[in-house]
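First up is the structure itself, then whatever we jot down about it.
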Amino acid sequence: MATGRRVGMRVIDFHIHIGTREQFLPWVMEFFKKNSPYYAENFAESITPERAIAFLKFHGIDRSVVLAEYAPKASAMVTNEFVSQFCNGHEELIPFGCLDFSDKRPYMEQARYAVEKLRMKGFKLLPSYQHFYPNDQALYPFYEYVQSLGMPIMFHTGTSIFHSTRIKYADPLLLDEAADDFPDLNIIMEHGGRTFWYDRAAWLVSKYRNMHIGIAGIATRHLPKFFPRLEQYRDRFVFGSDWPGFGDIRGLIERVYALPYSDETKEMILYKNAERLLGQAK
């Protein structure tokens, strides 16, 4: 039976950004300032793992996936090395790497270094920010390598308001081929294809057992409308805040509690699905 209250659930935030003013482009910092004043006032100039963990725990987060983001024309220069060092020694923080598409090294070589030397636990790519098509065959050795490790890959899908982003790269259907060709590669469509392509993301989840939807950046109260069969595929939806793009993490969690789903479904969205995805790494 659905309830609107907390039932002792743990929470993994699968989508947070860590960095300072120097690492984010000016329009991104303006967006953070508008949507997360506390971040702008307390973390924009300097941030430490201890302070970040304390902030996240205050908001009810047990563990967080910290995302590298290297898209110097669109958003940020948060490197794999920075994220690795930031998370090192803190079990509450889980580092995810990013590819640098300006780097002449093969993608798989970049990934191997990120995993073996920097201890990354997964990857996030941003097609519309980094200007690439996810079905590019040049990425296939990278996909095969990540699949062999049992690690997930997150993809930004759908719209973005930032300069130099190109939405044509962010259609969830561009992941159709990779999902089919790499059936054991767990793929997370962050933002669920907002706002044009919710139906496409939902269709991919229904077609492929390795496809998931990250709900960061989606209006939580509208999840039943955007994804009418969410409860049928409840093992494929993953909570994320997109902090500091959204400042009130506790409020987001409360909105998940208020959804008209069973407590078991809410627990899967908030914790169990993320735990499973993170626990498959070899």
**Request:** Scan the range 231-268 residue by residue and report those that are buried (at least 16 other Cβ atoms within 10 Å of the Cβ), in contact with a strand residue (DSSP E or B) (Cβ under 6 Å, 6 or more places away or on another chain) and part of a loop (DSSP other than H, G, I, E, B).
**Result:** Gly240, Ser241, Asp242, Tyr261
**Prompt:** Which of the residues spanning the range 98-112 are assigned to a loop (DSSP other than H, G, I, E, B) and of a type in the set (Ser, Thr, Tyr)?
**Reply:** Ser102
**Request:** Go over the candidates Gly251, Gly214, Gly245 one by one and state the one that is in contact (Cβ under 8 Å) with a residue 12 or more places away in the chain, closer than 21 Å to Lys34 by Cα and not polar (S, T, N, Q).
**Result:** Gly245
**Message:** Can you pull out every residue in the range 48-76 that is buried (at least 17 other Cβ atoms within 10 Å of the Cβ) and closer than 28 Å to Phe101 by Cα?
**Reply:** Pro49, Ser64, Val65, Val66, Leu67, Ala68, Glu69, Tyr70, Ala71, Ala74, Ser75, Ala76
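Examine the range 255-270 for a residue that is of a type in the set (A, V, I, L, M, F, W, C), without any contact (Cβ under 8 Å) to a residue 24 or more places away in the chain and farther than 30 Å from Asp136 by Cα, and state whether such a residue exists. Can you show your working first?
Initially, the range 255-270 is screened for residues of a type in the set (A, V, I, L, M, F, W, C), giving 256, 258-259, 268-270.
From what's left, without any contact (Cβ under 8 Å) to a residue 24 or more places away in the chain: none.
Within the range 255-270, not a single residue is of a type in the set (A, V, I, L, M, F, W, C), without any contact (Cβ under 8 Å) to a residue 24 or more places away in the chain and farther than 30 Å from Asp136 by Cα.
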**Request:** Report yes if some residue within the range 192-214 is surrounded by 18 or more Cβ atoms within 10 Å (Cβ to Cβ), of a type in the set (Lys, Arg), farther than 26 Å from His59 by Cβ and more than 16 Å from the chain's Cα centre (by Cα); otherwise report no.
**Result:** yes
**Request:** From the list Ile167, Ile188, pick out the single residue that is among the hydrophobic types (A, V, I, L, M, F, W, C) and either closer than 21 Å to Ala274 by Cβ or surrounded by 19 or more Cβ atoms within 10 Å (Cβ to Cβ) (or both).
**Result:** Ile188
**Request:** Identify all residues within the range 139-176 that are over 15 Å from Gly122 (Cβ atoms), among the aliphatic types (A, V, I, L, M) and within 16 Å of the chain's Cα centre (by Cα); write none if there are none.
**Result:** Ala170, Leu175
**Condition check for Tyr129: surrounded by fewer than 19 Cβ atoms within 10 Å (Cβ to Cβ), more than 19 Å from Ile94 (Cα to Cα) and among the aromatic types (Phe, Trp, Tyr)** = no
**Message:** Return the residues of the range 170-182 that are in a helix (DSSP H, G or I) and surrounded by 19 or more Cβ atoms within 10 Å (Cβ to Cβ); say none if nothing qualifies.
**Reply:** Ala170, Pro172, Leu174, Leu175, Ala178, Ala179
**Matching residues, the range 193-214, being under 12 Å from Phe226 (Cβ atoms), assigned to a loop (DSSP other than H, G, I, E, B) and in contact with a Leu (Cβ under 8 Å, 6 or more places away or on another chain)** = Trp197
**Request:** Select from the range 123-166 the residues that are closer than 24 Å to Ser64 by Cα and among the charged types (D, E, K, R) and list them in ascending order.
**Result:** Lys124
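Every number here is computed from the coordinates shown, using simple stated rules; none is lab data. Given the structure is predicted, the values throughout are model-derived calculations rather than measurements. Glycine gets a Cβ as well: all are built from the backbone with ideal geometry, and neighbour counts include every protein chain shown.
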